[in-house]
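Engineer: Before we start, here is the structure in question, set down as C-alpha cells.
The values are calculated or read from the model by the stated rules, or taken from the named source; none is laboratory data. In this text, all values refer to a predicted model and were calculated from it rather than measured experimentally. All Cβ positions, even for glycine, are placed from backbone atoms using ideal geometry, and neighbour counts span all protein chains on display.
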Amino acid sequence: MAGSSPAEYISHHIQNLTYGRTLDGSWGFAHSAQEATQMGFVSINVDTMFWSLLTGIMFCVLFRKASASASVAKPSKWQLCVELVVEMVWGSVKDAFTGKNALIAPLSLTIFVWIFLMNLMDLVPVDFLPYASQLAGLSHMKMVPTTDVNATFGMSLSIFGLMIYYGIKMKGLGGFAGELAFHPFGKAFLPVNLVLETVSMVAKPLSLSLRLFGNMFAGELVFVLIAALVPFYLQFVLAVPWAIFHILVITLQAYIFMMLTIVYLGQAHEVHH
C-alpha cells in the first residue's frame with residue numbers, strides 16, 4: 001500500500017486473509033505469509049470463502065430472477081442472456097456426455113457460471129478491496145477465489161468424488177477395480193496397469209485445479225505488477241487492454257473446467273465389456 005516497496009506491495013496483494021490458530025495457541029488473523037503458513041491445516045482463507053459464497057448466491061439470485069420473470073412473448077435481455085448460456089451448456093453436455101444422468105446438465109451449468117463469476121472478480125481494480133478492507137481493520141483481502149489453490153482443488157476433489165461414485169455405481173465395485181487392474185495391457189501386466197491407471201486418475205483432479213488456479217493467479221499477478229511497477233499515469237493504458245484480453249481468459253477457463261468435468265463424468269459412466 002502507500003509507502004511500501006514494490007515487493008511488499010505485491011506480497012500484500014497476493015496474500016489471503018487467513019484465520020487460524022497462531023503459534024501461541026490463540027486464534028486470530030495472520031498478518032504475514034509466514035504466519036499464515038505456520039497456522040498449517042487448522043486455518044481458513046476467509047476472503048476465499050466469503051467471495052465464493054457471495055458469487056454462488058449471485059448465481060442463484062440472478063438465474064432465479066430470469067426464471068421467475070420469463071416470458072415467451074416479451075423476453076427480457078437478461079432472460080435471453082440466461083437462455084443463451086443454458087443452451088450452450090446443454091449443447092456441450094449433449095455432445096460430450098453419452099450416458100444418462102439428470103445431474104450432469106445442471107452441474108455443468110453451475111460450474112460454468114459460478115467459476116465465471118468468481119473469475120470475473122479479477123476485473124475489479126486491484127487496490128479497491130485491499131484499501132477498503134484496511135479501513136475496516138482487515139490486513140488483507142483477495143476477492144478472486146480461483147486464485148486460491150485451496151478453492152480450485154476443493155472443486156476438483158468434488159468432481160473426483162463424483163467420478164469414483166458413478167464409476168462404482170455404473171460398473172460395480174468389481175468392474176471399477178477391474179478397469180484399474182486390467183487396463184490397458186491385460187491381466188498379465190496387472191502391476192503396470194495399476195500404476196498407469198492410478199496416476200491417470202489422480203492426474204485428473206490435479207489438472208483441473210492447477211490449470212484454473214495457474215491461469216487465474218497469473219492474470220491477477222499481471223494486474224498487481226502493473227499497479228506496483230508502472231507509473232500511475234500509464235497504468236490505464238496497460239491495464240485496460242489486459243482486462244479486455246482477460247475477459248476471454250476468465251470465460252475460457254470456466255468453459256474448460258466445465259467441459260473436462262463433463263468428459264470425466266462421461267468416462268465414469270462408460271461400461272467396458
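Engineer: Return only the number of the condition from (1) surrounded by 18 or more Cβ atoms within 10 Å (Cβ to Cβ); (2) modelled with pLDDT under 90; (3) not β-branched (V, I, T) that F257 does not satisfy.
Structural biologist: Of everything listed in (1) surrounded by 18 or more Cβ atoms within 10 Å (Cβ to Cβ); (2) modelled with pLDDT under 90; (3) not β-branched (V, I, T), F257 misses just condition (2).
Engineer: Could you tell me whether any residue of segment 225-235 is surrounded by 13 or more Cβ atoms within 10 Å (Cβ to Cβ), of a type outside the set (A, V, I, L, M, F, W, C) and over 30 Å from D95 (Cα atoms)?
Structural biologist: Pass one, segment 225-235, residues surrounded by 13 or more Cβ atoms within 10 Å (Cβ to Cβ): 225-228, 230, 235.
Applying the additional criterion that residues be of a type outside the set (A, V, I, L, M, F, W, C) yields 235.
Next cut, over 30 Å from D95 (Cα atoms) only: 235.
So far as segment 225-235 goes, yes, one or more of its residues are surrounded by 13 or more Cβ atoms within 10 Å (Cβ to Cβ), of a type outside the set (A, V, I, L, M, F, W, C) and over 30 Å from D95 (Cα atoms).
Engineer: Identify all residues within segment 201-218 that are of a type outside the set (K, R) and in contact (Cβ under 8 Å) with a residue 60 or more places away in the chain; write none if there are none.
Structural biologist: Taking segment 201-218 first, the residues of a type outside the set (K, R) are 201-203, 205-210, 212-218.
If the condition is that a residue be of a type outside the set (K, R) and in contact (Cβ under 8 Å) with a residue 60 or more places away in the chain, then S209, L210, L212, F213, M216, F217 are the ones that fit.
For (1) small (G, A, S); (2) in contact with a helix residue (DSSP H, G or I) (Cβ under 9 Å, 6 or more places away or on another chain), each residue gets a yes or a no:
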{"position": "P6", "(1), (2)": "no, yes"}
{"position": "Y9", "(1), (2)": "no, yes"}
{"position": "H13", "(1), (2)": "no, yes"}
{"position": "R21", "(1), (2)": "no, yes"}
{"position": "G28", "(1), (2)": "yes, no"}
{"position": "H31", "(1), (2)": "no, no"}
{"position": "A36", "(1), (2)": "yes, no"}
{"position": "F41", "(1), (2)": "no, no"}
{"position": "D47", "(1), (2)": "no, yes"}
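Engineer: Could I ask something else about it? Is it true that some residue in segment 140-154 is within 28 Å of W90 (Cβ to Cβ), free of Cβ contacts under 8 Å to residues at least 60 places away in the same chain and out of contact with any Ser or Thr (no Cβ under 6 Å at 6 or more places or on another chain)?
Structural biologist: The answer is yes, given that some residue of segment 140-154 is within 28 Å of W90 (Cβ to Cβ), free of Cβ contacts under 8 Å to residues at least 60 places away in the same chain and out of contact with any Ser or Thr (no Cβ under 6 Å at 6 or more places or on another chain).
Engineer: Answer with yes or no whether F160 is under 30 Å from H13 (Cα atoms) and either touching a residue at least 60 places away in the same chain (Cβ under 8 Å) or assigned to a helix (DSSP H, G or I) (or both).
Structural biologist: Details: under 30 Å from H13 (Cα atoms): no; either touching a residue at least 60 places away in the same chain (Cβ under 8 Å) or assigned to a helix (DSSP H, G or I) (or both): yes.
It is false that F160 is under 30 Å from H13 (Cα atoms) and either touching a residue at least 60 places away in the same chain (Cβ under 8 Å) or assigned to a helix (DSSP H, G or I) (or both).
Engineer: Can you confirm whether L221 is touching a residue at least 12 places away in the same chain (Cβ under 8 Å), closer than 29 Å to L109 by Cβ and not hydroxyl-bearing (S, T, Y)?
Structural biologist: Values: touching a residue at least 12 places away in the same chain (Cβ under 8 Å): yes; closer than 29 Å to L109 by Cβ: no; not hydroxyl-bearing (S, T, Y): yes.
So L221 fails the test.
Engineer: Quick check on my filter: what residues within segment 224-247 are in a helix (DSSP H, G or I), of a type in the set (A, V, I, L, M, F, W, C) and free of Cβ contacts under 8 Å to residues at least 12 places away in the same chain? Reasoning before the result, please.
Structural biologist: Quick first cut of segment 224-247, residues in a helix (DSSP H, G or I) only: 224-229, 232-247.
Right, trim to of a type in the set (A, V, I, L, M, F, W, C) and you get 224-229, 232, 234, 236-240, 242-245, 247.
Passing the criteria: F232, L234, F236, V237, V240, I244, F245.
Engineer: Here's a follow-up. Given the structure, is L117 among the hydrophobic types (A, V, I, L, M, F, W, C) and at pLDDT below 95? Give the steps one after another, and end with the answer.
Structural biologist: Details: among the hydrophobic types (A, V, I, L, M, F, W, C): yes; at pLDDT below 95: no.
So L117 fails the test.
Engineer: Something else about it: Residue by residue through segment 234-273, note down the ones that are in contact with a Leu (Cβ under 7 Å, 6 or more places away or on another chain) and among the hydrophobic types (A, V, I, L, M, F, W, C).
Structural biologist: Listed by number, the residues that qualify are A243, I250, F257, L260, L265.
Engineer: When you scan segment 163-200, how many residues do you find that are over 30 Å from M118 (Cα atoms) and free of Cβ contacts under 8 Å to residues at least 24 places away in the same chain?
Structural biologist: Pass one, segment 163-200, residues over 30 Å from M118 (Cα atoms): 168-198.
Next, only the ones that are free of Cβ contacts under 8 Å to residues at least 24 places away in the same chain stay: 168-169, 172-174, 176-178, 180-182, 184-198.
Of the residues in segment 163-200, 26 are over 30 Å from M118 (Cα atoms) and free of Cβ contacts under 8 Å to residues at least 24 places away in the same chain.
Engineer: Of the conditions (1) surrounded by 14 or more Cβ atoms within 10 Å (Cβ to Cβ); (2) part of a helix (DSSP H, G or I), L138 clears all except one; give me its number.
Structural biologist: Failing condition for L138: (2).
Residue-wise test of (1) in contact with a helix residue (DSSP H, G or I) (Cβ under 7 Å, 6 or more places away or on another chain); (2) of a type in the set (A, V, I, L, M, F, W, C); (3) in a helix (DSSP H, G or I); (4) surrounded by 15 or more Cβ atoms within 10 Å (Cβ to Cβ).
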site	(1), (2), (3), (4)
K142	yes, no, no, yes
A177	no, yes, yes, no
V192	no, yes, yes, no
L196	no, yes, yes, yes
L212	yes, yes, yes, yes
A218	no, yes, yes, no
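Engineer: Please specify each residue of segment 163-175 satisfying the condition of being of a type in the set (G, A, S) and either surrounded by 17 or more Cβ atoms within 10 Å (Cβ to Cβ) or not in a helix (DSSP H, G or I) (or both).
Structural biologist: Step one: filter segment 163-175 for residues of a type in the set (G, A, S), giving 167, 172, 174-175.
Selection gives G167 alone.
Results for (1) part of a helix (DSSP H, G or I); (2) surrounded by fewer than 17 Cβ atoms within 10 Å (Cβ to Cβ), shown as yes or no for each residue.
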| site | (1), (2) |
| --- | --- |
| A7 | yes, yes |
| N16 | no, no |
| G20 | no, no |
| G28 | no, yes |
| A36 | yes, no |
| F41 | no, yes |
| D47 | yes, no |
| F50 | yes, yes |
| T55 | yes, no |
